[in-house]
1. Spin-label point model (7 Å from Cα, Cβ direction): what's the Leu159 to Val98 distance in nm?
2. Could you give the length gained on full extension between Ala132 and Thr76, defined as 0.36 nm per residue of separation minus the Cα-Cα distance, in nm?
3. For Ala67 and Asp106, FRET efficiency with R0 = 22 Å and r from the beta-carbon atoms, rounded to 0.05?
4. Scan around Asp106 for amide H atoms under 5 Å from its own, H built in the peptide plane at 1.01 Å from N, and keep only partners 5 or more places away or cross-chain.
5. Highest first, please rank the peptides 153-166, 120-133, 97-110 by the mean number of other Cβ atoms sitting within 10 Å of their residues.
6. So, counting K/R as plus one and D/E as minus one, what does the shell of residues with Cβ under 14 Å around Thr85 add up to?
7. With each pseudo-label sitting 7 Å past Cα toward Cβ, what's the Met143-Trp167 distance in nm, one decimal?
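Where a number appears in this text, it was derived from the coordinates with a stated rule and is not lab data. Just so you know, these numbers come straight off a predicted model, no measurement behind them. Reconstructed Cβ throughout: ideal geometry from the backbone, glycine too, with neighbour counts over all protein chains shown.
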Amino acid sequence: MQRFFRVRVMRARRCAVLTLFGLVASAPIAPAQSPAKTECRATPAAAEHARVVERWIDGVWHDGRVALVPEIVGPTYLRHELNGTRSVTPAEYAAEIVAVRRALPDVRFLVHDCDAVGDRVWLRWTMVGTGAQTGKAVQRVGMQLYRLDGGRLVETWVLMPSTDMAWP
């Protein structure tokens, strides 16, 4: 299994550092979107939150282990999205993830920036994959802020600009 990122605590600096390694999807990626090592700064108190997000992206999104959703997502998951705010249960959200993975079976999130402080973890990412029906490369960029409570994702703010945008 290829790892999306790994967490390591840098004790000498009095802060935790989350090292993220993006994966190359089977779809072609423009040079500006090529995966590169990214360090995510995390306070010592937020290092565990960074590990939860690691498990979320690697385990659920990349590996498709939707059985992890109830362990990682709180009983209600509040999602602030472009079309409004909605609350979903772990079962409802797991079904949405299955649908996305069915449409993009090789979906990967390439993380460009990350920071974890307090109960929040934010990411700037590019989602890449290959459309199952079309065979065409799909790419979306986004910024996402997660709020955690009790070691579980309970709220997120998601911004995904127009589909023709790419991060520099």
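1. Calculated label separation equals 3.3 nm.
2. 17.1 nm
3. Working: r = 20 Å, r/R0 = 0.91.
My answer for the efficiency is 0.65.
4. Amide H neighbours of Asp106, under 5 Å, 5+ apart: Thr130.
5. Numbers: 153-166: 14.0, 120-133: 18.8, 97-110: 16.9.
In descending order of packing, they fall as 120-133, 97-110, 153-166.
6. +1
7. Each label point lies 7 Å from its Cα, and together they span 1.1 nm.
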